[in-house]
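Engineer: This structure is in structure tokens; I'll ask about it shortly.
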Amino acid sequence: MDIKDKILEFMREKAYNPMKTEELFKVLKIKDKAQREEFQNILDEMEREGLIYKTKKKKYGVPERMNLIVGILQGHARGFGFVTPDMGNIETDVYISPEDMNGAMNNDKVIVRLSRKRGEGQKIQGEVIRILKRGNKKIVGTFESSKNFGFVVPDDQRVKQDIYIPKSETMDAHTDDKVVVEITEYPVKGRNPEGRVIEILGNKNEIGTDILSIIRKFDLPEEFPPDVLAQTDKIPDQVREEDRKGRKDLTNKKIITIDGEDAKDLDDAVSIEKLESGNYLLGVHIADVSHYVFENSPIDQEALKRGTSVYLVDRVIPMLPPKLSNGICSLNPHVDRLTLSCIMEINSKGQVENYEIFKSIINSKERMTYKDVTKILEEQDAVLLDRYKELIEDFKLMKELAEILRNKRRMARGAIDFNVPEAKIILNEEGRAIEIQKYERTISHKIIEEFMLVCNETIAQHMYWASFPFIYRVHEEPDSEKLKDFNNFIHNFGYHIHIGDEIYPKELQNLLNKIKDTPEESVISHLALRTMKQAKYSANNLGHFGLAATYYTHFTSPIRRYPDLVIHRIISEMLYNKLNQDRIKKLNHKTPEIASQSSIRERVAEEAERETDDLKKAEYMKEHLGEIFDGMISGVTSFGIFVQLENTIEGLVRVSSMDDDYYQYDEVHYQLIGERTKKNYKIGEKVRVEVVGVDIAQGQINFILVEE
């Protein structure tokens, strides 16, 4: 236990009352001048971190015992915000009204004084009393020029105030230019933030400016630092003789990859055999990135900073330099590659009877695509059947095993399988969206999905019982209040889930089975998904609710996910008996930090990917203004109804445009009801809409209802 932990433990004791520095010196018997100075420095540092709080009377205590909470502020487009507590007795978000923000901005780390509840069953309310760390040093937005100054309207609607730019700090930007602004003065009550333009991205209507704005908004690094590239240049392009030592040679085995047609970072390969016993021998072979990326090296530090590869609609921002991600680490066909293999013997019930984890070297026999494998298995494509005749039996075995793993292992224990449609956005050479398709999950996708799932579970279970430090992929049980709200909602459709002291994932899966192929399936699936907590990384094994799995990790994508790379490193050290007590102690300290950073970067990547998708969907619909589409009501609010089209695009019909009656929002039954006609609009109903407005920058689409 370090000094900070000891101080926190002392201040959390029930008998402790806030003390001044001199009182702490006396109680803790710190007499030496140098020790007192060091202790004061630690207190100052802990105060800056929000671990302790110093009152106006200069007394120290822990926030959670002083009616305070510390957390990250998540702003809202309408000016208010919520703070998620880092720790303490408050398990729910705290509402911050616009009047109580006190200069705080979205993503700031703040201290909040708890005040009151907003009403029965509503959020606890608070006021920001201190800003510990600013979350926004740079802002992306649209520049507006005036005679003596300029200002920038932030793209992020959660940043409510325009940023004032002195005339000398505009970089000669013009009205409607997209710019990056560095904040020089943060807002206080009655005064906007001030900044200076540091980069002009281009006119907001120019092709490419839109995606570049999102890249800058989320501070996604496009280039690798010189030291990372210098280290990368020294890495060989081919497997050397010395790299083969201590590895099982699997180069003669029938091992293949199955990926999307455009994928270049191939980090997983599979093999399969049928044993005389009737069991299946499944091999999952994952790129051994840890062989090339050493802990704390420039490449490793940059990979931790990035956390994950980001897959935007028109480009990939990789976690590792392309020489690694697309080259020596990628399991390209017909070349030797270093791997970490997990070979599992699986019976007809989907149970793993035996397994082995080891370092290996493979030579992928084919680079298969999801499209071709599906054509072979479901369409019996003659050309492909002939071309891959030596692999046909393997594909049949893979399908057979994948169905066993899904039905007899995963679904049988109650895992949840959300059937939420995803979009595939087709761009032309200029980068404009020309087609939006519903992304189909085919049998080949399901094969790889099931194989990776069982491998991840096997690895996680092995490492848990080995009692070594590790990083797990966890998904905690949903919040009981959210489940009750969800139960009330589905009651409108005649459905019900049993909620007792604990909720079982099988309850939700049974519901999803009941709604399959019904008009309300998409809506209920989406809402069920939103009811769930977000999965994250953790140094503690908390289980995975959605998969109904006791043990789960991410082992299978070390090229594009940092936790997987760390996991490979730990497993390699275990295999080579390098996990001594000193190393274990170091890992116990590092793994929680890595898990936290990886979870944060995953959220950033997801948000950036979602925003680029929304932008391109809006761009696509801009070309269809005035056209009529069939859709389904996917959401109902007091201000309108959301309608989802067959291609997954969603738009809003505002109540103000529904001029055949005055409509009231029935929040109990999630519907709008006409005062005079009693006509109602509720989730799951089919409607026809006309596209009447598109805001590409905000990714928003407006519809009006069209009578049948």
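Engineer: Describe numerically, in nm with one decimal, the distance between label points set 7 Å from Cα along Cα→Cβ at residue 67 and at residue 205.
Structural biologist: 5.6
Engineer: Working from the pairwise distances between different alpha carbons, so that the mean of 1/r is found and then inverted, what is region 298-429's Kirkwood radius in Å?
Structural biologist: 18.7
Engineer: Rolling a 1.4 angstrom probe over the protein chains, ignoring ligands and nucleic acids, what is the accessible area of residue 403 in square angstrom, nearest 10?
Structural biologist: 80
Engineer: Here is a follow-up. For region 309-317, in order, what is each residue's ³J(HN,Hα) by Karplus, 6.51 cos²θ - 1.76 cosθ + 1.60 with θ = phi - 60°, in whole Hz (x at glycine and Pro)?
Structural biologist: 6, 10, 9, 7, 5, 10, 6, 10, 9
Engineer: Can I ask one more? For a distance above 20 Å, tell me the whole-number percent of Cα pairs in region 1-66 that qualify.
Structural biologist: So the pairs more than 20 Å apart make up 19 percent of the total in region 1-66.
Engineer: Using a Förster distance of 56 angstrom, determine the FRET efficiency expected from the C-beta separation of residue 175 and residue 379, and round it to 0.05.
Structural biologist: E(calc), rounded to 0.05, equals 0.55.
Engineer: From the C-alpha coordinates alone, can you work out the Kirkwood hydrodynamic radius of region 469-516, in Å?
Structural biologist: Result for region 469-516 stands at 12.2 Å.
Engineer: A further question on this structure: How far apart, in nm, are two points set 7 Å out from the Cα along the Cα-to-Cβ line at residue 623 and at residue 440?
Structural biologist: So the two model labels end up 2.2 nm from each other.
Engineer: Let me ask another. Multiplying the sequence separation of residue 9 and residue 428 by 0.36 nm and subtracting their Cα-Cα distance, what value in nm do you get?
Structural biologist: 144.9 nm is the gain from fully extending residue 9 to residue 428.
Engineer: For region 644-708, what mean projected area does the convex hull of the alpha carbons give, in nm²?
Structural biologist: 5.1
Engineer: Quick check for me: using +1 on Lys/Arg Cβ and -1 on Asp/Glu Cβ, what's the dipole size of the chain about its Cα centre, in debye to the nearest 20?
Structural biologist: Numbers: 105 positive and 122 negative charges, 611 e Å.
In debye, rounded to 20, the chain gives about 2940.
Engineer: Moving to a separate point now. Convex hull over the alpha-carbon atoms of region 194-277: what's its volume per residue in Å³?
Structural biologist: On the way: hull volume 21.8 nm³, N = 84.
Cα-based convex hull of region 194-277, divided per residue, equals 259 Å³.
Engineer: A further question follows. Quickly work out the residue 412-to-residue 464 label distance, labels modelled 7 Å from Cα along the C-beta direction, and quote it in nm with one decimal.
Structural biologist: That separation, rounded to one decimal, is 1.9 nm.
Engineer: Once you treat every alpha carbon in the chain as an equal point and sum by Debye, what is log10 I(q)/I(0) at q = 0.06, 0.10 Å⁻¹?
Structural biologist: The Cα Debye sum returns log10 ratios of -0.43, -1.24.
Engineer: Counting Lys and Arg as +1 and Asp and Glu as -1, each charge on the Cβ, what is the dipole of region 294-353 about the Cα centre in debye, to the nearest 20?
Structural biologist: My answer is approximately 220 debye.
Engineer: Rolling a 1.4 Å sphere over the protein heavy atoms, what is the accessible area per residue of region 464-528, to the nearest Å²?
Structural biologist: Working: 3430 Å² over 65 residues.
The answer is 53 Å² per residue.
Engineer: Rank 229, 132 by accessible area, highest first, at a 1.4 Å probe radius?
Structural biologist: 229, 132
Engineer: Which whole-Hz ³J(HN,Hα) couplings does region 333-345 yield from phi under the Karplus relation 6.51 cos²θ - 1.76 cosθ + 1.60, θ = phi - 60°, glycine and proline marked x?
Structural biologist: Result, rounded to whole Hz: x, 6, 9, 6, 9, 7, 9, 10, 10, 10, 9, 10, 9.
Engineer: When only the heavy atoms of the protein chains count and the probe is 1.4 Å, how do 632, 319 rank by accessible area, highest first?
Structural biologist: Per-residue accessible area, sorted high to low, gives 632, 319.
Engineer: Right, next: Under 5 Å between amide hydrogens, which residues at least 5 positions from residue 671 or on another chain qualify, with H placed 1.01 Å from N in the peptide plane?
Structural biologist: So residue 671 has HN proximity to 666.
Engineer: Hey, another quick one. So what does residue 638 come to for accessible area, using a 1.4 Å probe and Å² rounded to 10?
Structural biologist: Answer for residue 638: close to 80 Å² accessible.
Engineer: Give the calculated FRET efficiency between residue 138 and residue 45 to the nearest 0.05, with a Förster radius of 30 Å applied to their Cβ-Cβ distance.
Structural biologist: Efficiency, rounded to the nearest 0.05: 0.70.
Engineer: What is the set of long-range amide H partners of residue 424 at a cut-off below 5 Å, with H atoms built 1.01 Å from backbone N?
Structural biologist: 437, 438, 439
Engineer: Mind checking the full-extension length gain between residue 518 and residue 38? Use 0.36 nm per residue of separation minus the Cα-Cα distance, one decimal, nm.
Structural biologist: 166.1 nm is the gain from fully extending residue 518 to residue 38.
Engineer: Taking only the alpha-carbon atoms of region 254-301, what semi-axes of the equivalent ellipsoid follow from 5 times the gyration tensor eigenvalues under a square root, in whole Å, largest first? Don't skip to the end; give the middle numbers.
Structural biologist: Working: eigenvalues 189, 50, 7 Å².
Square roots of five times the eigenvalues give 31, 16, 6 Å.
Engineer: Can I ask one more? State the Kirkwood hydrodynamic radius of region 472-572 in Å, one decimal place, computed from all pairs of distinct Cα atoms.
Structural biologist: Its Kirkwood hydrodynamic radius stands at 15.2 Å.
Engineer: Put +1 on the Cβ of every Lys and Arg and -1 on every Asp and Glu Cβ in the chain; which of 24, 327, 470 then has its Cα farthest towards the positive end of the dipole?
Structural biologist: 24
Engineer: Next question. On full extension of the chain, what length is gained from residue 198 through residue 31, given 0.36 nm per residue of separation minus the C-alpha to C-alpha distance?
Structural biologist: The span from residue 198 to residue 31 would gain 55.1 nm if fully extended.
Engineer: Another one. For residue 157 and residue 276, what does the FRET efficiency come to when R0 = 56 Å and r is the distance between their Cβ atoms, rounded to the nearest 0.05?
Structural biologist: Working: r = 63 Å, r/R0 = 1.13.
Step by step, r from the Cβ atoms, then E = 0.35.
Engineer: Considering just Cα atoms, how many Å³ per residue does the convex hull of region 448-531 enclose?
Structural biologist: 130
Engineer: Next question. Write down the radius of gyration of region 559-708 and its Dmax, each obtained from C-alpha positions, in Å.
Structural biologist: 24.6, 77
Engineer: Also, I was wondering about something else. Specify which residue in the list 202, 221, 255 is farthest towards the positive end of the charge dipole of region 202-282, using unit charges on the beta carbon of Lys, Arg (+1) and Asp, Glu (-1), about the Cα centre.
Structural biologist: Result: 255.
Engineer: Using the Karplus curve 6.51 cos²θ - 1.76 cosθ + 1.60 with θ = phi - 60°, work out ³J(HN,Hα) for each residue of region 146-157 in order, rounded to whole Hz, and write x for Gly and Pro.
Structural biologist: 9, 4, 10, 6, x, 8, 10, 8, x, 5, 6, 5
Engineer: Another question about this same structure. Mind checking which lysines have their C-alpha under 23 Å from residue 349, skipping anything on the same chain fewer than 8 residues away?
Structural biologist: 274, 396, 399, 408, 446, 506
Engineer: First compute the accessible area of region 163-237 with a 1.4 Å probe, then give the percent of it belonging to carbon and sulfur atoms.
Structural biologist: 47
Engineer: Considering the alpha-carbon set of region 122-253 alone, what are its Rg and its Dmax in angstrom?
Structural biologist: 23.1, 73
Engineer: Against the globular-protein guess of 2.2 N^0.38 Å, express the Cα radius of gyration of region 385-534 as a ratio, rounded to two decimals.
Structural biologist: Working it through for region 385-534, the quotient is 1.31.
Engineer: How big is the dipole moment of region 508-639 about its Cα centre under a simple scheme where the beta carbon of each Lys and Arg is +1, that of each Asp and Glu is -1, and everything else is neutral? Debye, nearest 20, please. Spell out each step's value before the answer.
Structural biologist: On the way: 19 positive and 18 negative charges, 206 e Å.
Using only the charged Cβ atoms, the result is roughly 1000 debye.
Engineer: With both partners inside the chain, how many of the DSSP beta bridges are antiparallel, as a percent to the nearest 5?
Structural biologist: Percentage antiparallel, nearest 5: 90.
Engineer: Taking K and R as +1 and D and E as -1, what net charge do the other residues with C-beta under 14 Å from the C-beta of residue 404 add up to?
Structural biologist: +4
Engineer: Here's another thing I want to ask about it. Given the options 171, 576, 693, identify the residue whose Cα lies farthest towards the positive end of the charge dipole of the chain (+1 on Cβ of Lys, Arg; -1 on Cβ of Asp, Glu).
Structural biologist: Most positive-ward Cα: 576.
Engineer: Further question: Leaving ligands and nucleic acids out of the surface, order 496, 445 by accessible area at 1.4 Å, largest first. Let's see the in-between values first.
Structural biologist: Working: 496 125, 445 35 Å².
Correct descending sequence by accessible area is 496, 445.
Engineer: Still on this structure, I have one more. Beyond 19 Å between alpha-carbons counts as too far, so tell me which of 371/438; 424/482; 138/536; 109/137; 204/617 fall in that bin. Please report the intermediate quantities before stating the final value.
Structural biologist: Values: 371/438 15 Å; 424/482 31 Å; 138/536 27 Å; 109/137 13 Å; 204/617 17 Å.
Check vs 19 Å cut-off fails for 424/482; 138/536.
The values are calculated or read from the model by the stated rules, or taken from the named source; none is laboratory data. What you are looking at is a predicted structure, and each value in this text was computed from that prediction instead of being measured. Here Cβ is always computed from backbone atoms with ideal geometry, including for glycine, and neighbour counts include all displayed protein chains. In case anyone asks, the SASA skips ligands and DNA or RNA and just uses the protein heavy atoms, side chains included. Shrake-Rupley method; radii C 1.70, N 1.55, O 1.52, S 1.80 Å.
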